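Step one of this worksheet: look at the structure below.
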Amino acid sequence: MSQEQHPVDDWFPVDEEEHQAQCAALHELLPAGAHVLDLGAGDGRLAGPLAEAGHFVMAIDQDPRAVARLEQRGIEAISGDFLDSQTEIWSRTGAFDAILCLGNTFMTVSQPADAIALMKLARRAIRPAGCLVIDAFCEPLWREVAEGFWQNGISEDGRWQMLWHPGDNVLSMRRDDDVDEEDWNVRASDTALRLWSRGELELLAAASGWEAPYRAVDALMIFRASASV
């Protein structure tokens with residue numbers, strides 16, 4: 001499914017080339033008939049192709065429209081917040097071969113305490129040989145900033161506004177009608193996005209029962225469950 005076929009931009013947050021690279025990496029990584037949990041699945045950008053390939057996929061998203069589309073595609077879907085430890089998905093101890101947090105989803109986990117809690121929940125839900133797969137690293141944005149983009153905080157097409165949160169590696173992005181060049185204060189309605197570096201993710205993983213990452217492709221970090229937990 002191409003990006004143009006997705007009715008909500010947030011459901012397809014990567015370009016087509018990166019999407020295809022992620023799909024190819026996951027198809028190579030997963031054993032036949034794997035049980036997969038997709039966090040922040042949208043309408044099934046990855047869950048759909050994985051299910052079509054014969055994997056057993058459970059998906060969770062907070063957007064009821066996304067959940068409805070997942071269910072239409074025959075994918076088991078839950079409406080909820082994957083950071084909530086009481087959500088049904090986390091009652092399935094040792095149920096999954098892979099847990100995915102892709103499409104920039106991990107950026108929305110902006111607080112380190114929430115991030116380590118999520119990784120611990122994922123560790124309990126994974127099978128002994130399973131893995132946790134994450135994308136969204138800070139390199140592309142730092143590269144854009146270094147090359148002179150975002151000097152005035154507004155994208156060249158005027159559709160995006162970047163606001164930095166005081167004193168932290170956290171930003172918010174306003175889009176389209178929410179762009180306000182007269183207002184550079186972070187609002188309560190602005191979603192906080194943390195630019196996790198690879199080193200930070202490795203530290204979080206090591207503290208949560210995951211081994212150092214095996215990199216299948218540059219755009220993914222794949223953590224194996226530590227045998228010591």
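The values are calculated or read from the model by the stated rules, or taken from the named source; none is laboratory data. As the structure is a computational prediction, the values presented were derived from the model and not from experiment. Here the Cβ is made from the backbone with ideal geometry for all residues, glycine too, and neighbour counts use every protein chain on show.
Here is how the numbers come out for the structure above:
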| item | result |
| --- | --- |
| Complete set of residues in region 25-68 that are free of Cβ contacts under 8 Å to residues at least 40 places away in the same chain and of a type in the set (V, I, T) | V57, I60, V67 |
| Exclusive hit being assigned to a helix (DSSP H, G or I) and in contact (Cβ under 8 Å) with a residue 24 or more places away in the chain, set L171, L141, L132 | L141 |
| Residue check, L163 closer than 19 Å to A122 by Cβ and either of a type in the set (A, V, I, L, M) or over 18 Å from the mean Cα position of the chain (by Cα) (or both) | no |
| Sole residue being in contact with a strand residue (DSSP E or B) (Cβ under 8 Å, 6 or more places away or on another chain) and closer than 14 Å to V133 by Cα, chosen from D38, D61 | D38 |
| Test for G209: is it at positive phi and either assigned by TED's automatic domain parsing to the domain that holds R123 or surrounded by 15 or more Cβ atoms within 10 Å (Cβ to Cβ) (or both) | yes |
| Number of the condition not met by R194 [criteria: (1) loosely packed, with under 14 Cβ neighbours inside 10 Å; (2) in contact with a Pro (Cβ under 9 Å, 6 or more places away or on another chain); (3) closer than 27 Å to A21 by Cα] | (1) |
| Conditions (1) assigned to a helix (DSSP H, G or I); (2) over 30 Å from S91 (Cβ atoms); (3) hydrophobic (A, V, I, L, M, F, W, C): number failed by A117 | (2) |
| Boolean, R45 is among the charged types (D, E, K, R) and surrounded by fewer than 17 Cβ atoms within 10 Å (Cβ to Cβ) | no |
